[in-house]
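Worksheet: one structure, shown below.
The values are calculated or read from the model by the stated rules, or taken from the named source; none is laboratory data. Remember, predicted model here, so these are calculated numbers, not experimental data. Here the Cβ positions follow ideal geometry from the backbone for every residue, glycine too, while neighbour counts run over all protein chains shown.
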Amino acid sequence: MRLFKLFLTWLLPWIAAAAVGAPDAQKLLEASDAIRNPGRPFSVNVVLTEFQNGKQVDTSSLLTFSRTVEQNAQVASLVQFVAPVRDAGKLMLKNGSDMWFYDPATKASVRLSPQQRLMGQASNGDVVTVNLARDYKATILAAEDVQDGERKTRRSYKLGLAASTDDATYASIELWIDADNSRPIKGRFFADSGRLLKTVYYRRFMPQLGIERPTEIVIIDGLNPQSVTLMRFSDYAARVMPSNWFQRDYLPRFQP
């Protein structure tokens, strides 16, 4: 009887939610996007750290600049490599379906794929700002409890995201969003073949540009859980950015 009462205690909130109707999946995704991404031009420091079997094997520091392109709601991002020294000054640009890498030593820009790995489990597409609600069509798959990146149980909506644009980084995503505050909790990212590429946890929410945003993302390889990449975000700042920063031809002249 006691177990039955505990079960009812867990179940009743979900029954109540169903009675008033499940939230709109796309709007829920938009709300989650707004937590991950400030709705204004901004910069943020990103530190990538790769671990193999619990040991750190590599690290890289980046400074990213992002702004929304008004006419199509795409987010354009420019990534400046800061460290290690061998990479300092290199640039990566994502604007629409185009992604470019620029090396000031050779003064050459090379087209990239968002799916290519940048370091560890982090792909090029993971370090630029992404508007998931623009690139994916969302449906609610389930309402369920899920363990977050800090091993706490959260009530969540599990969304299924299907790519709706050609420049989407992943073919499909399963995304768990907190039912209480729309925060992203966990994601599973899949290739065209349906193979699991990575599992991601969003954690350590802290005040940044007006609201609490995730300041750490843990990326776990889909085949080898001992291969982990940690992304740390700090020093969000609103910025004034000219549109020419986000043009390929301007990369050789870029000065932040």
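Odds and ends about this structure:
Let's see how each residue does on (1) in contact with a helix residue (DSSP H, G or I) (Cβ under 8 Å, 6 or more places away or on another chain); (2) under 15 Å from Met231 (Cα atoms); (3) of a type in the set (A, V, I, L, M, F, W, C):
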| site | (1), (2), (3) |
| --- | --- |
| Met99 | yes, no, yes |
| Tyr102 | yes, no, no |
| Thr106 | no, no, no |
| Arg111 | no, no, no |
| Ser123 | no, yes, no |
| Leu132 | yes, no, yes |
| Tyr136 | yes, no, no |
| Ala143 | yes, no, yes |
| Val146 | no, no, yes |
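- Single residue of Leu132, Leu62, Leu112 found to be of a type outside the set (D, E, K, R) and over 22 Å from Pro214 (Cβ atoms): Leu112
- Within the range 235-251, the only residue that satisfies the criterion of being outside any strand (DSSP E or B) and among the small types (Gly, Ala, Ser) is Ser243.
- Just one of the numbered conditions (1) of a type in the set (Val, Ile, Thr); (2) touching a residue at least 12 places away in the same chain (Cβ under 8 Å); (3) more than 23 Å from Asp98 (Cα to Cα) is not true of Thr153: (2).
- Test: Arg188 is in contact with a strand residue (DSSP E or B) (Cβ under 8 Å, 6 or more places away or on another chain), of a type in the set (Lys, Arg) and under 23 Å from Gln147 (Cα atoms): yes
- Leading residue by the ranking (surrounded by the most Cβ atoms within 10 Å (Cβ to Cβ)) among those in the range 135-166 that are in a loop (DSSP other than H, G, I, E, B) and not polar (S, T, N, Q): Asp148
- Qualifying residue in the range 166-187 (condition: farther than 20 Å from Glu30 by Cα, among the β-branched types (Val, Ile, Thr) and within 13 Å of the chain's Cα centre (by Cα)): no
- Exactly one residue among Ala133, Ala105, Ala83, Ala88 is among the aliphatic types (A, V, I, L, M) and either on the phi > 0 side of the Ramachandran plot or within 14 Å of the chain's Cα centre (by Cα) (or both), and that residue is Ala133.
- Restricted to strands (runs of 3 or more DSSP E) entirely inside the range 42-132, those with at least 2 residues that are more than 19 Å from Phe233 (Cα to Cα), at pLDDT 95 or above and of a type outside the set (Val, Ile, Thr) are 98-103.
- Tally of residues being over 18 Å from Pro114 (Cβ atoms) and touching a Leu at 6+ places or on another chain (Cβ under 9 Å) across the range 156-175: 5
- Pairs are defined by a Cβ separation below 9 Å, a sequence spacing of at least 6 or placement on different chains, a first member in the range 77-94 that is small (Gly, Ala, Ser), and a second member that is not in a strand (DSSP E or B); the pairs so defined are Ser77/Val127; Ser77/Val128; Ser77/Thr129; Ser77/Val130; Ser77/Phe246; Gly89/Pro104; Gly89/Ala105.
- Pro256 assigned to a loop (DSSP other than H, G, I, E, B) and closer than 19 Å to Val47 by Cβ: yes
- All of (1) free of Cβ contacts under 8 Å to residues at least 60 places away in the same chain; (2) of a type outside the set (D, E, K, R); (3) closer than 16 Å to Ala122 by Cβ hold for Pro242 with one exception: (3).
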